[in-house]
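To start, the structure under review is shown below, and the notes come after it.
The values are calculated or read from the model by the stated rules, or taken from the named source; none is laboratory data. Keep in mind it's a predicted model, so treat the numbers as computed, not measured. FYI the Cβ positions are ideal-geometry reconstructions off the backbone, even for glycines, and counts take in every protein chain you see. In case anyone asks, the SASA skips ligands and DNA or RNA and just uses the protein heavy atoms, side chains included. Shrake-Rupley method; radii C 1.70, N 1.55, O 1.52, S 1.80 Å.
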Amino acid sequence: MSIQMFGLPVSRGVAIGRAVLVDSSRVDVAHYFVEPERTGAEIDRLRHARNTVAEELGTLKRDLPAEAPTELAALLDVHLMLLHDPMITEALRQWIEVRHYNAEWAVTAQTEVLVRQFDEMDDAYLRERKADIEQVAERLLRALSREGGGLPQVTQPGDFGGEDPLVLVANDIAPADMLQFKGSVFTGFVTDVGGRTSHTAIVARSMDIPAVVGAREASRLVRQDDWLIIDGDTGAVLINPSPIVLEEYRFRQRQSELERARLHRLRHTPAVTLDGAPVELLANIEMPGDAPAALEAGAVGVGLFRTEFLFMNRGGALPDEDEQFEAYRAAVEAMKGLPVTIRTVDIGADKPLDRMSLTELRHEHALNPALGLRAIRWSLAEPAMFRQQLRAILRASAYGKVRVLVPMVAHRREVQAIVEALERAKQHLREAAVPFNDVELGAMVEVPAAAMVMPMLLQHFDFVSLGTNDLIQYTLAIDRADESVAHLYDPWHPAVLKLIADVISAANAAGKHVSVCGEMAGDTAFTELLIGMGLRSLSMHPSQMAAVKQRVLRIDSQRVGRLVPSVLQSPDPASAWQQAIAVPARSALN
Ligand code: PEP
Ligand code: MG
């Protein structure tokens with residue numbers, strides 16, 4: 001039976017493939033294909049891990065104290081039985097031999113299948129037994145990771161002939177876990193939770209593969225291996241579609257690929273409006289390895305390097321100054337002399353230091369993490385960490401043009417502390433005779449309070465960058481990662497547009513560089529409006545650049561500039577803007 005459901009579209013295009021269901025807690029398990037000639041060795045690896053676990057369980061049973069409840073020994077017997085169950089063993093072998101999954105992936109895939117079967121059992125006692133399956137799987141995964149097994153072979157399924165494309169379905173994926181899927185086997189994503197500008201969605205977008213978040217029931221309704229269509233343009237997710245629907249979407253998929261190829265040809269065309277106003281298109285990156293894609297897309301620099309991804313999932317062992325320096329230097333060198341805006345770490349809210357899904361975050365932090373110790377607040381609370389990061393960034397400036405950007409600034413005393421910290425870091429490097437170049441210092445405007453104290457910010461900072469994702473979140477009091485209030489997350493809200501327009505005007509009047517690096521920058525629905533507000537610099541995912549450039553090339557900046565004031569006065573700016581922009585240029589001039 002085919003089922004259709006809707007979530008929030010976060011990354012364009014259509015993905016068609018077989019579902020790989022992954023439990024949120026196991027998203028970090030390696031997913032890769034093994035070469036057909038290596039499947040035998042992979043089955044051996046799994047067999048070895050199984051023997052290790054069997055020994056562990058045997059030892060546990062032997063060492064049980066005499067007074068231990070008898071259920072405990074029975075439980076260990078159940079685990080041992082599951083471990084050697086011929087049906088399970090055969091299924092695992094098939095995942096590896098037929099589907100070419102690596103051993104860890106085979107374990108998680110089969111676990112999902114079994115857990116579903118247990119979930120559907122009427123007998124409450126049997127339903128409870130799924131915990132045993134999960135525990136045995138956990139032990140197997142641990143044994144496999146202790147064993148290692150060479151580098152992941154991230155090979156596309158088609159390479160072995162006849163394999164189907166795969167799409168990933170999970171309740172939630174933590175932002176840092178999402179990163180590991182860059183260049184992975186998956187051609188699309190669906191998650192149950194998350195908002196359009198949650199960091200998971202942002203990373204999905206940066207991977208440029210179709211994705212839908214906030215699809216609520218997806219991971220419950222989809223089964224391992226179901227055929228799925230993920231429509232990243234409308235948010236539709238179709239489970240086991242009919243052949244006719246499938247054909248229709250395959251046609252759309254081809255059309256959208258053709259469109260992308262057509263847009264890609266614009267990458268070396270300078271972004272200049274019809275009336276000759278140059279517009280700077282910069283890239284947002286998460287890792288130094290993203291820089292080549294930024295160049296390839298035609299970016300004239302990096303407008304936002306989200307350095308927090310270097311800090312995540314390290315079990316509290318933060319990257320030291322040298323490690324950070326190497327990462328920043330790599331990004332700077334990869335950009336070949338173009339400017340790189342390195343944002344100081346923005347940990348907190350939906351980007352915790354250690355792996356935690358949104359669901360866990362919500363449970364663990366009853367207080368509101370988005371209003372807590374995040375971004376610059378965390379950096380200033382950890383002066384040693386901040387010092388190291390500033391020194392690492394300064395050292396990287398010796399290899400190219402570097403700008404430092406600070407997230408979530410709002411208070412004057414924060415500004416003072418930032419300026420002093422940067423000065424101290426420079427002084428330290430001078431004393432140690434470590435080379436660095438001049439860096440411009442910028443503030444992200446992402447709290448309404450900051451937008452309202454622009455004269456103070458412009459006095460101390462060389463440039464500002466509008467973080468519209470957070471500016472919208474904090475102006476409208478809407479958690480950007482919460483799908484249940486996603487309908488209220490409205491970039492067209494008059495208050496949001498007024499703040500954005502005011503910030504751009506204030507920076508332009510002061511002759512300071514201003515950019516937008518939130519998701520609005522890459523959304524073509526806003527290109528004309530932002531240019532009309534006087535913005536000349538936008539930073540976005542490289543995948544969005546060509547479409548935005550195409551818009552820029554067709555804009556008459558003078559004309560859209562004249563349309564802005566009345567739209568800002570309108571109670572319904574979205575409609576007002578649509579109407580204003582729809583009127584042909586000549587009549588607007590009359
Ligand atoms: C923003 O808030 O708009 C922004 C660019 O920062 P982040 O999305 O990383 O919070
Ligand atoms: Mg932000």
**Item:** Scan of region 461-489 for residues that are surrounded by fewer than 17 Cβ atoms within 10 Å (Cβ to Cβ) and closer than 30 Å to D172 by Cβ, ordered by number
**Value:** A477, S484, V485, H487, L488
**Message:** Which pairs turn up if I take residues in region 1-29 that are free of Cβ contacts under 8 Å to residues at least 12 places away in the same chain and look for partners that are among the hydrophobic types (A, V, I, L, M, F, W, C) with beta carbon separation below 7 Å, at least 6 apart in sequence or on another chain?
**Reply:** none
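Give, as residue ranges, the helices (runs of 4 or more DSSP H) completely inside region 463-573 that count at least 1 residues that are on the phi < 0 side of the Ramachandran plot, among the polar types (S, T, N, Q) and more than 13 Å from ligand 1 (Cβ to nearest atom).
In region 463-573, the matching helices (runs of 4 or more DSSP H) lie at 494-509, 527-532, 545-553, 557-569.
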**Message:** Please determine whether any residue of region 237-254 is among the hydroxyl-bearing types (S, T, Y) and away from ligand 2 (no atom under 16 Å from the Cβ).
**Reply:** yes
**Asked** Which members of region 444-459 meet the condition of being in contact (Cβ under 8 Å) with a residue 12 or more places away in the chain, farther than 12 Å from H411 by Cα and away from ligand 2 (no atom under 13 Å from the Cβ)?
**Response** P455, L458
**Request:** Output the number of residues of region 116-144 satisfying the condition of being without any contact (Cβ under 8 Å) to a residue 60 or more places away in the chain and β-branched (V, I, T).
**Result:** 1
**Asked** Has region 235-246 got at least one residue that is farther than 30 Å from A521 by Cα, out of contact with any Leu (no Cβ under 9 Å at 6 or more places or on another chain) and in contact (Cβ under 8 Å) with a residue 60 or more places away in the chain?
**Response** yes
**Asked** Taking region 415-455 as the region of interest, how many residues are open to solvent by 30 Å² or more (accessible area, probe 1.4 Å) and not in a helix (DSSP H, G or I)?
**Response** 9
**Message:** Criterion first (open to solvent by less than 70 Å² (accessible area, probe 1.4 Å) and among the aromatic types (F, W, Y)) does F33 satisfy it?
**Reply:** yes
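Determine which member of the set S505, S557 is crowded, with 19+ Cβ neighbours inside 10 Å, within 28 Å of T269 (Cα to Cα) and hydroxyl-bearing (S, T, Y).
That would be S557, the only listed residue that is crowded, with 19+ Cβ neighbours inside 10 Å, within 28 Å of T269 (Cα to Cα) and hydroxyl-bearing (S, T, Y).
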**Message:** Going residue by residue through region 197-209, is there one that turns out to be surrounded by fewer than 23 Cβ atoms within 10 Å (Cβ to Cβ), more than 12 Å from the chain's Cα centre (by Cα) and either of a type outside the set (A, V, I, L, M) or under 12 Å from A19 (Cβ atoms) (or both)?
**Reply:** no
**Request:** Taking L458 as the residue in question, decide whether it is open to solvent by 40 Å² or more (accessible area, probe 1.4 Å) and more than 16 Å from ligand 1 (Cβ to nearest atom).
**Result:** no
**strands (runs of 3 or more DSSP E) contained entirely in region 194-302, each with at least 3 residues that are assigned by TED's automatic domain parsing to the domain that holds L166** = 211-213, 227-231, 236-239
**Message:** So for region 299-318 (the condition being in contact (Cβ under 8 Å) with a residue 60 or more places away in the chain and open to solvent by 80 Å² or more (accessible area, probe 1.4 Å)), does at least one residue qualify?
**Reply:** no
**Request:** Looking only at region 117-131, decide whether some residue is at pLDDT below 90 and more than 23 Å from V222 (Cα to Cα).
**Result:** yes
**Item:** Flag if T39 is open to solvent by less than 20 Å² (accessible area, probe 1.4 Å) and either within 32 Å of the chain's Cα centre (by Cα) or at pLDDT 90 or above (or both)
**Value:** yes
**Item:** Of all residues making up region 175-191, the number that are open to solvent by 10 Å² or more (accessible area, probe 1.4 Å), in a loop (DSSP other than H, G, I, E, B) and of a type outside the set (K, R)
**Value:** 3
**Prompt:** Cβ-Cβ below 6 Å, separation at least six or inter-chain, first residue in region 197-210 and more than 15 Å from D523 (Cα to Cα) and within 13 Å of ligand 2 (Cβ to nearest atom), second open to solvent by less than 10 Å² (accessible area, probe 1.4 Å) and hydrophobic (A, V, I, L, M, F, W, C): which pairs?
**Reply:** S198/A481
**Message:** β-branched (V, I, T) and over 30 Å from D482 (Cβ atoms): which single residue out of V107, V20 fits that description?
**Reply:** V107
**Request:** For region 86-95, state whether one or more residues are open to solvent by less than 30 Å² (accessible area, probe 1.4 Å) and touching a residue at least 40 places away in the same chain (Cβ under 8 Å).
**Result:** yes
